[in-house]
1. Any idea which of (1) open to solvent by less than 30 Å² (accessible area, probe 1.4 Å); (2) closer than 12 Å to Phe101 by Cα; (3) part of a loop (DSSP other than H, G, I, E, B) is the one Val55 doesn't satisfy?
2. Here are the criteria: (1) open to solvent by less than 80 Å² (accessible area, probe 1.4 Å); (2) assigned to a helix (DSSP H, G or I). Tell me which single one Met72 does not satisfy.
Amino acid sequence: MTAEPIWWVAGLRCRCPQCGEGRIFNGFLQVKDQCDVCQFELGKHDSGDGPAFFVLSILCGVVTPIALIVNMNMTIPLWVNAVLWGAIILGATLAMLRPAFGLMIAVQYRSRAGSGEWDLPPDPREPGRKPAPGPDQRLDDPDDKAPNS
């Protein structure tokens, strides 16, 4: 068996984070159920909308200042701005989305996190300690006999 690949490189290349060779997508963003090479279960890793949020946040943070600088130095009609910057953001988003999803799946693999398989830490509270107040309970509850500090 070969050595484990660098997980983030495999994710950016849209390859299986375990073997680094199998493809992780069937279509544009549909994750395969398992890797064709090592049979690793890819379907249990769900990255949700996180990658799309990060890609759009980064792109808007980069493209907006560039658009403002260009418009300060040139006079461009509004419709040209809308078409130009909209096409740039759309194209860059589509180009960055697959690697971002692959990277998020690789991060989940690296942290050994799967959908619904979280190992929660034990409750740190002592056995006799009162639970934290709920949303409809006041912090200074008169029924509470403990002294306020």
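The values are calculated or read from the model by the stated rules, or taken from the named source; none is laboratory data. Note that the structure is predicted; figures quoted are calculated from it, not measured. Ligands, DNA and RNA are stripped out before the accessible areas are found, and what is left, the full protein with its side chains, is counted by its heavy atoms. Shrake-Rupley method; radii C 1.70, N 1.55, O 1.52, S 1.80 Å.
1. (3)
2. (1)
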